[in-house]
Amino acid sequence: MAPTLHISPADALIDVPRQIRVEHVAPGATVEITALTRRNGVLWQAQAAYTAGEDGAVDLTRDAPVAGDYTGLAPMGLIWAQSPDDGKSREYFNQPVTDALVTEVVVRVEGAEARGSFTQRLAADGVTRVEVREEGLVGTLYLPAGSAPGSHPAVMILNGSGGGINEPRAALYASRGYAAFALAYFKAPGLSDYISNTPLEYFQTGLRWLRKKVQPLHDFVAISGQSRGGELVLLLGATFPKEVSAVVAYVPGAVVHSGQNACDPKIGREGPTWLLGGKPIPHVWENNRTATWAPFDEGPAPHRHEKAILTALQDPDAVARARIRVEDIEGPVMLLSGTDDGSWPSSLYSKMVQDKLTDVRHPYPVQWLDYENGGHSILFPYVPTTQLVYAHPVSGKISTSGGNPKDNARADQESWEGVKTFLDAAVKAKGAAAGKPAATANDASGNVR
């Protein structure tokens, strides 16, 4: 009898796990399964071999591979273990991101073959995309299905040192019930190519525009950022506390940093990143007695940027001057980090933030998810995690983000579940404080997790 392949669900949002099951094979037979996904024109694939059980089946929710591109029990291992055929691509999503990802699954066993496919979507049915080019802002707004003023909480999403507009995360936030505004602040049309001398008032304009545009449920506007964006959202929460309802900081910095790899070459990597009132905000590299780029610059590639940052943190006076005053944040804070972060010590930074908020008895929830052996690239579930070495999109420096595919995949999955739970609780608390019936983004959107 020919093998049969069952994939469920066949079509769903990207954060939904799939059951991949092969039936009608001989018990003990070796079953090879390959998963192929075309991502922005580049083919990515992973392959593994399994031993059929006594029931004549292989079920990836039950069976670990005996050989192949991943190890251990991982129902979605054939996705996160994928590598690009060109050996270098880091584009996980199609352009536009509303174009779904389709994965072909090929089963081979004892000369027989079965095929099937499944679809991963970033944007649920009815989610709308609006380009924003007003009030000097450059970004994209994603709105949940059936969105009406006042019906959904909002979140503003900020990228890291690669710049650009983080549309994938915004689309997924909108699919889970949030009015999601992905705001660029450099390396996007009409903006600087570099992070240097970015005014914080630009983001305040973004927060005010978002409130005016969507009139969020309970006046709730969270900010979510990764890497330099993680540093930035903590800084914005501390600088504009009345305008930020909650902070989600992915692999953040606890201090203000210089321009680093995303700097304007004319200003240099030790020049300022953020301005407030036209004046540079002090950063950790200024007048630092211990900082040196040598551990990052020297030796063979790939380089670990984190090694240079650790030298800067040895000067307590410089750290104190550059520390982000997270105690000024007036809302819940979520921190996500990895212990093997190659870009900077996000685990140490998150501990610094948590410790300060504990010391001052921060009156709002603080949650920290720290992933053992995880790296700098914490995204959301069921995307490839194999491309650890990369050329920085601004400086071109060959670096490693750290971690390993298996632990990075775990961080992707667990962090997103944690963020959804955290934000839903923050929305409810904001509504309760306003004396209004509790609601979550999930309630408002009608999406079922």
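Some points to look at:
- Of LEU236, LEU78, LEU137, the residue with the greatest mean-square motion in the GNM of the chain, using alpha carbon springs below 10 Å, is LEU137.
- Measuring with a 1.4 angstrom probe and ignoring ligands and nucleic acids, GLU135 comes out at about 100 Å² accessible.
- Most to least packed among 352-362, 216-226 [average Cβ atoms within 10 Å]: 216-226, 352-362
- Computed E for THR358/GLU113 - FRET, C-beta separation, R0 56 angstrom, nearest 0.05: 0.45
- Annotation: extensible slack from THR292 through GLN367 equals 23.8 nm (criterion: 0.36 nm per residue apart, minus Cα-Cα distance).
- Taking a straight line from the alpha carbon of LYS242, these aspartates and glutamates sit under 18 Å away, with near neighbours fewer than eight places off in the same chain left out: GLU201, ASP219, GLU327, ASP328, GLU330.
- Added length on full extension, which subtracts the Cα-Cα distance from 0.36 nm per residue, LEU275 to ALA12: 90.5 nm
- Estimated inter-spin distance, THR30 and ALA301, nm [label 7 Å along Cα→Cβ]: 3.7
- Considering all different alpha carbon pairs of segment 158-241, the Kirkwood hydrodynamic radius works out to 13.3 Å.
- Residue-averaged 222 nm ellipticity for the chain, from DSSP H runs of 4+ at -39500 (n - 2.57), nearest 500: -7000 deg cm²/dmol
- Within segment 75-102: backbone nitrogen closer than 11 Å to the LEU43 label point (7 Å, Cα to C-beta): 85-86
- For segment 252-301, pairs of C-alpha atoms spaced more than 12 angstrom apart make up 68 percent of the total.
- Three principal axis lengths of segment 56-110 [C-alpha, angstrom, descending]: 41, 23, 22
- Structure-derived mean projected area of the Cα convex hull in nm²: which label, when the choices are [x] 29.9; [y] 22.0; [z] 25.0: [y]
- Estimated inter-spin distance, VAL130 and ARG62, nm [label 7 Å along Cα→Cβ]: 4.9
- The slack in the chain from GLU414 to GLU327, taken as 0.36 nm per residue of separation less the alpha-carbon distance, amounts to 28.6 nm.
- Pair ALA148, GLU104: separation of 7 Å Cα→Cβ label points (nm): 4.5
- Over 25 Å (Cα to Cα) - which of LYS187/LYS356; LYS351/LYS420; LYS88/LYS266; LYS406/LYS430 fall in this group: LYS187/LYS356; LYS88/LYS266; LYS406/LYS430
The values are calculated or read from the model by the stated rules, or taken from the named source; none is laboratory data. Remember, it's a predicted structure, so these values are computed and weren't measured experimentally. Reconstructed Cβ throughout: ideal geometry from the backbone, glycine too, with neighbour counts over all protein chains shown. Each accessible area value is taken on the protein alone, full model and side chains, heavy atoms only, with ligands, DNA and RNA left out. Shrake-Rupley method; radii C 1.70, N 1.55, O 1.52, S 1.80 Å.
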